[in-house]
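Enquirer: Below: one structure in C-alpha cells.
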Amino acid sequence: MRNAFDAAELAIDSFVHELPGVRVVFGTGTIDQVAAEAARLADSVLIVAGRRQACEADRIAGALERRCVGRIGEVTEHVPADTARAAVDVARDVRADAVVCVGGGSAVGLAKAIALELEVAIIAVPTTYAGSEQTPIWGRTEAGRKVTGRDRRVLPRTVVYDPALTLGLPPGLSAASGMNAIAHAVEAAYAPDATPITALLAAEAVGAMSAALPVVVRQPGNLPARERALYGAWLAGTVLGATTMGLHHQLAHILGGSHRLPHAGTHSALLPHVVAYNAGATAARLAAPARAAGVSGPDAFGAGLFDLAAATGAPTSLSALGLPRSAIDDVVRQVVAADIANPRPVEAAGIARLLRNAIEGRRPGDRVAAHRVFA
Ligand SMILES: NC(=O)c1ccc[n+]([C@@H]2O[C@H](COP(=O)([O-])OP(=O)(O)OC[C@H]3O[C@@H](n4cnc5c(N)ncnc54)[C@H](O)[C@@H]3O)[C@@H](O)[C@H]2O)c1
C-alpha cells in the first residue's frame, strides 16, 4: 500500500458533470424489443432505414403492427438538406410521434433532421460504431457545406444496441467505424469540459474498441467481439455527446464537408497524427486511454493508433481517400480560422505538417512513408 502521494496526483480539477438520460437496451437479440420500446413512447411510428437495413426494418415494422405508420427506405451520408426536407414532409403527413431509425450515423442523422422540425421521439437502433445515437448533435449539408449544431430535441430517447445487427458490417467498414469511435473517446479525454466520469468512460471505450477490433476484422461473425465493440461505441458516443471536441473533429468536419472525404475513414487516417500533435500538451489526460489501448504512454499513442488502423485494414492515408496535397492550404486556412478548444494551439505550420503526414500515410514518429515500412 502506498502511503505517500504528491499533491498533483491527489488533486481533482473543478468540473460540471451532466449526462443526458438516454435509455439503453443492450444485448444480442434486442431487436425484438424495439416495438415494445417504441410503444412506451408513441402510438404512430415512422421507420427510417437504408436499403441495407431493409430486413431489420421489415422485422420491426411487423412487430409494431398498426403502430407503424410509414417507412423511409433511403438514407444518404451527411444528410443533404433536400433529403431532410422530404423526410420531414413524410413524418408530418403520416403524423408520426416517434421515429425508429435503424442503421449507421446517416440513418440516425435523418431521424434527427425530422426531430429538429417536428415533435417526435427517436428510438435509435445503431448498426455501426459512429455513436451519433448518443448525442444531441445534428448535421446537414447545404450547398456543399456541412452545418452542425446541438439541440436536445434530437437526442434519442431510447437506444437499442443489438450486436447481432453488426455481424454483417464488412471488416473494412467495421475497422474505420471503430477508429471513428476511438477518435470520439480520445478527444473527450482531453476536452476542456471532461469530468472524472467522462474520462473513465473515454478510457474504457478506447480499451474495449481496441481489444475488439482486431478480432472483429479477422472474424466478422465473432459475436463476443461484436458485443465488446458495440459496447465501446456506446461509451464513445456518450462522451462525444457530453464533451467539446477539438482539432481532430474540426479537421474531419472540414475534410468531409468541403472535400467530400468519407466520414469514418477520414477519422481513421487523421487520428494518429492529431494525437501525435497534441500528446505533448496533454500527456496527463492521454495516459489512461493510451494505457487502455495497450500502449506504453501518450508519446507512443499516435503510433499505436496508426498500428491499430494498419493492422485492422482501416485507412491510414488521406491521399488514398482522395485528398491531394494541393488541398492542404485550404484546410489549414479553414481550421486556423475556426474557434477550436484544443490542448495545443492550432498553428498553421504544424497543421500543414500534420496534414502532409496524414496524406502520405506516415506512421507518427517514423521518417519514411508507412507503406515502405509495412511492405
Ligand atoms: N451527430 C453526431 O453525433 C454524429 C456522430 C457520428 C457520425 N455522424 C454522422 O454519421 C454519418 C456517418 O455514419 P456511419 O459512419 O455510421 O456511416 P453510414 O451510416 O453512412 O453507413 C456506412 C455504410 O455502412 C452501411 N451499413 C451500416 N450498418 C451496416 C451493417 N450492420 N451491415 C452492413 N452494412 C451496414 C450503410 O448502409 C452505409 O452504406 C456522417 O454523416 C457523420 O457526420 C454524426
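Enquirer: If Pro80 passes every condition in (1) in contact (Cβ under 8 Å) with a residue 12 or more places away in the chain; (2) away from the ligand (no atom under 13 Å from the Cβ) but one, which one does it miss?
Expert: Every listed condition holds for Pro80 apart from (2).
Enquirer: Sort out which residues of region 248-276 are over 20 Å from Met209 (Cβ atoms) and buried (at least 24 other Cβ atoms within 10 Å of the Cβ), and write them in order of number. Before you say what the answer is, go through the steps one by one.
Expert: The initial filter retains those residues of region 248-276 that are over 20 Å from Met209 (Cβ atoms), namely 250-251, 253-261.
Residues satisfying the conditions are Leu251, Leu255.
Enquirer: Name the residue, out of Val274, Val216, that is over 27 Å from Val22 (Cβ atoms) and in contact with a helix residue (DSSP H, G or I) (Cβ under 9 Å, 6 or more places away or on another chain). Give the derivation first.
Expert: Details: Val216 fails: over 27 Å from Val22 (Cβ atoms).
Going through Val274, Val216 in turn, just one is over 27 Å from Val22 (Cβ atoms) and in contact with a helix residue (DSSP H, G or I) (Cβ under 9 Å, 6 or more places away or on another chain): Val274.
Enquirer: From the list Ala225, Ala264, Ala211, Ala202, which one is touching a Pro at 6+ places or on another chain (Cβ under 9 Å) and more than 28 Å from Arg353 (Cβ to Cβ)? It would help to see each step written out before you state the result.
Expert: Numbers: Ala264 fails: more than 28 Å from Arg353 (Cβ to Cβ); Ala211 fails: touching a Pro at 6+ places or on another chain (Cβ under 9 Å); Ala202 fails: more than 28 Å from Arg353 (Cβ to Cβ).
Of the residues listed, the single one that is touching a Pro at 6+ places or on another chain (Cβ under 9 Å) and more than 28 Å from Arg353 (Cβ to Cβ) is Ala225.
Enquirer: Let me ask something additional. If you go through region 131-188, how many residues are assigned to a strand (DSSP E or B) and within 10 Å of the ligand (Cβ to nearest atom)? Spell out the reasoning first.
Expert: Quick first cut of region 131-188, residues assigned to a strand (DSSP E or B) only: 137-142, 145-150, 158-161.
If we keep only those that are within 10 Å of the ligand (Cβ to nearest atom) too, we end up with 137-141, 146, 148-150.
Looking only at that region, the number is 9.
Enquirer: Could you check how many residues of region 72-130 are assigned to a loop (DSSP other than H, G, I, E, B), closer than 28 Å to Met179 by Cα, of a type in the set (Val, Ile, Thr) and in contact with a strand residue (DSSP E or B) (Cβ under 8 Å, 6 or more places away or on another chain)?
Expert: Of the residues in region 72-130, 4 are assigned to a loop (DSSP other than H, G, I, E, B), closer than 28 Å to Met179 by Cα, of a type in the set (Val, Ile, Thr) and in contact with a strand residue (DSSP E or B) (Cβ under 8 Å, 6 or more places away or on another chain).
Enquirer: Of the residues that sit in region 103-126 and are surrounded by fewer than 24 Cβ atoms within 10 Å (Cβ to Cβ) and not hydrophobic (A, V, I, L, M, F, W, C), which one is nearest to the ligand (Cβ to nearest atom)?
Expert: This residue is Ser106.
Enquirer: Pick out the one residue from Arg95, Arg71, Arg66 that is farther than 21 Å from Gly29 by Cβ, in contact with a Leu (Cβ under 9 Å, 6 or more places away or on another chain) and more than 8 Å from the ligand (Cβ to nearest atom).
Expert: Working: Arg95 fails: in contact with a Leu (Cβ under 9 Å, 6 or more places away or on another chain); Arg66 fails: in contact with a Leu (Cβ under 9 Å, 6 or more places away or on another chain).
Of Arg95, Arg71, Arg66, the one residue that is farther than 21 Å from Gly29 by Cβ, in contact with a Leu (Cβ under 9 Å, 6 or more places away or on another chain) and more than 8 Å from the ligand (Cβ to nearest atom) is Arg71.
None of the figures in this text is laboratory data; all of them are computed from the coordinates on show. Fair warning: this is a prediction, and the values are worked out from it, not measured in the lab. Virtual Cβ from ideal backbone geometry, glycine too; neighbours counted across all protein chains shown.
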